[in-house]
1. In region 36-65, which residue that is modelled with pLDDT of 90 or more and crowded, with 18+ Cβ neighbours inside 10 Å is nearest to residue 102 (Cα to Cα)?
2. Of the residues 128, 115, 67, which single one is on the phi > 0 side of the Ramachandran plot and under 15 Å from the mean Cα position of the chain (by Cα)?
3. Identify all residues within region 72-87 that are loosely packed, with under 12 Cβ neighbours inside 10 Å and either in a loop (DSSP other than H, G, I, E, B) or in contact (Cβ under 8 Å) with a residue 24 or more places away in the chain (or both); write none if there are none.
4. Quick check on this structure: which one of 69, 169 is at pLDDT below 95, exposed (fewer than 15 other Cβ atoms within 10 Å of the Cβ), in contact with a helix residue (DSSP H, G or I) (Cβ under 6 Å, 6 or more places away or on another chain) and farther than 17 Å from residue 52 by Cα?
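The values are calculated or read from the model by the stated rules, or taken from the named source; none is laboratory data. Model, not experiment: these values are computed from the prediction. Cβ sites come from the backbone with ideal geometry, for glycine too, and all protein chains shown count toward neighbours.
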């Protein structure tokens, strides 16, 4: 039985539409025997950047926004000169903007901000040139983990329907998505 449960667990790990779910455990002695966990990954939301080179300007800028063009403030940015190894650290202001003077060379940028994916990219600056970088950060996976407790084993299509309901009813998912006679949904804390 234990081997069958382990095999079932391994077979049920799944990624669909950027969402993960898995069968966490089976307790034959419980009223709700099957326990599934899932969370939302935000894979459809990714990081991108555009660069604009400006001749004769002294300072380069980095502007951070999210997928709704809202400023990402207080993000940590590390800029490494790939030729000299020199590292510059800065934090964006309340308008998601960071300014820095950079010498000609090849650079690698590392960006991290709470609730967003980390992002790394390279760029090059030539003599008598500055660069304006416009960076859009994608959302990080949600930290919330949801649990479905079910009296019977659920089919994959049922789990996806429940997940869709929870995504559309995040404020009232328990009331709107649970069917107490079959299953109920909770959030892990």
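1. Looking at the filtered set, the residue picked out is 60.
2. Values: 128 fails: under 15 Å from the mean Cα position of the chain (by Cα); 67 fails: on the phi > 0 side of the Ramachandran plot.
Step by step, each of 128, 115, 67 is checked, and only 115 is on the phi > 0 side of the Ramachandran plot and under 15 Å from the mean Cα position of the chain (by Cα).
3. First pass over region 72-87, keeping only residues loosely packed, with under 12 Cβ neighbours inside 10 Å: 83-85, 87.
Passing the criteria: 83, 84, 85.
4. Working: 69 fails: in contact with a helix residue (DSSP H, G or I) (Cβ under 6 Å, 6 or more places away or on another chain).
The match here is 169.
Quick grid of which residues meet (1) surrounded by 14 or more Cβ atoms within 10 Å (Cβ to Cβ); (2) in a strand (DSSP E or B); (3) at pLDDT 95 or above:
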{"residue": "89", "(1), (2), (3)": "no, yes, yes"}
{"residue": "94", "(1), (2), (3)": "no, no, yes"}
{"residue": "108", "(1), (2), (3)": "yes, yes, yes"}
{"residue": "122", "(1), (2), (3)": "no, yes, yes"}
{"residue": "134", "(1), (2), (3)": "yes, yes, yes"}
{"residue": "141", "(1), (2), (3)": "yes, no, no"}
{"residue": "146", "(1), (2), (3)": "yes, yes, no"}
{"residue": "160", "(1), (2), (3)": "yes, no, no"}
